[in-house]
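Below is one structure, written out as structure tokens; comments come after it.
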Amino acid sequence: MELPTLRPTGRVVSWFSCGAASAIATKLAIEKYGDAVEIYYTDTGAEHPDNDRFIVECEQWFGKKVNVLKSNKYENIWQVFEERRFLASKDGAPCTGAMKKEPANDIWKMGDIEIFGYTSEENLRLVRWKADNPERTIECPLMDAGLKKDDCFDRLAEAGIALPIMYLLGFRNNNCIGCVKARDNINYWKRVRKYFPEIYNRIAGYERQFGYALNRITRKGVRTKVYLDEIEPGDPKGKDTMKISCGLICMAESTAGEDDYDWI
């Protein structure tokens, strides 16, 4: 299929996730494109309230407003789960499409330059995105600058902006608290249980209601489903190592449906 001719809109849309990487990517985009940059954050209704503080400090640093997008149908991810009675599959999660992709697509225009906070370690994900979305113009300034996630932490510190609390609690990313895309990582869920027990219990309840377990463990050489309410007591060991993407790739992996439900 022949793609339509791309006509630049003159807009540069930076997808700001309240993560360290997207903050630095946005700053670099402003340095390159100036007033042409429009900054957007998609609010899922399930992220840490410290994000409000982080947005304000970043706005002061950017010298520009962060525009907040919300779903027209859902207030938060819990409403998505309860209506669809579905948490996640190997292809993604329904909350992504409802709370991130749909609001973002409402403001996206063909010909926009889109800014994503992918770091120099994530080139394969960028290749995949471009292959799946050839009609879109993507820039990843962190990759262009050879910056890793730790470099982004350092740059925020230099700017006098404290990291979002989720990082300080040991989480690798500043996503929704208890991200259902975090499958097969008991340590991640132990960390959620330690710091956010109410949310942990809520997701555990959904698992039982829907008859679906997010995690598997190996028992006697066999991969076995384990529900959150079956995870043994104890704190997580070390820092979170789970790579959960809820930005560029997460927006692509949002087509999962009930047909994918029994993938484990």
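Filter segment 55-93 down to the residues that are crowded, with 22+ Cβ neighbours inside 10 Å and out of contact with any Leu (no Cβ under 8 Å at 6 or more places or on another chain), then identify the one that is nearest to ILE203 (Cα to Cα).
Step one: filter segment 55-93 for residues crowded, with 22+ Cβ neighbours inside 10 Å, giving 58, 71, 77, 80-81, 87-89, 92-93.
Filter again for out of contact with any Leu (no Cβ under 8 Å at 6 or more places or on another chain), leaving 58, 71, 77, 80, 89, 92.
On the way: CYS58: 31, SER71: 21, ILE77: 11, VAL80: 13, SER89: 15, GLY92: 16 Å.
Ranking the qualifying residues of segment 55-93, first place goes to ILE77.
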Original post:
Out of (1) part of a helix (DSSP H, G or I); (2) at pLDDT 80 or above; (3) charged (D, E, K, R); (4) out of contact with any helix residue (DSSP H, G or I) (no Cβ under 8 Å at 6 or more places or on another chain), what's the single condition that is false for ASP259?
Top reply: (2)
Original post:
If TYR118 satisfies every condition in (1) at pLDDT 95 or above; (2) within 16 Å of the chain's Cα centre (by Cα); (3) not acidic (Asp, Glu) but one, which is the exception?
Top reply: (1)
Subject >> Filter result (buried (at least 16 other Cβ atoms within 10 Å of the Cβ) and without any contact (Cβ under 8 Å) to a residue 40 or more places away in the chain) within segment 104-127 >> reply: GLU122
**OP:** Would you check which residues across segment 128-156 are surrounded by 12 or more Cβ atoms within 10 Å (Cβ to Cβ) and more than 30 Å from GLY10 (Cα to Cα) and list them?
**Re:** PHE153, ASP154
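Taking the condition of being of a type in the set (Gly, Ala, Ser) and either assigned to a helix (DSSP H, G or I) or modelled with pLDDT under 95 (or both), how many residues in segment 212-233 meet it? Show your work before the answer.
Kept after step one, since they are of a type in the set (Gly, Ala, Ser), are these residues of segment 212-233: 213, 221.
Imposing the further condition that a residue be either assigned to a helix (DSSP H, G or I) or modelled with pLDDT under 95 (or both) reduces the set to 221.
Residues that pass the stated criteria total 1.
To keep it simple, each residue is scored yes or no on (1) touching a residue at least 24 places away in the same chain (Cβ under 8 Å); (2) closer than 27 Å to LYS73 by Cβ; (3) in a loop (DSSP other than H, G, I, E, B).
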| position | (1), (2), (3) |
| --- | --- |
| GLU102 | yes, yes, no |
| LEU142 | yes, no, no |
| TYR167 | yes, no, no |
| GLY170 | yes, no, yes |
**OP:** Tell me, yes or no, whether segment 199-216 has at least one residue that is free of Cβ contacts under 8 Å to residues at least 12 places away in the same chain, at positive phi and surrounded by fewer than 21 Cβ atoms within 10 Å (Cβ to Cβ).
**Re:** yes
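The values are calculated or read from the model by the stated rules, or taken from the named source; none is laboratory data. Just so it is clear, the structure is predicted and the values come from calculations on it, not from any experiment. Heads up, the Cβs are rebuilt from the backbone with ideal geometry, glycines too, and the neighbour counts pull from every protein chain shown.
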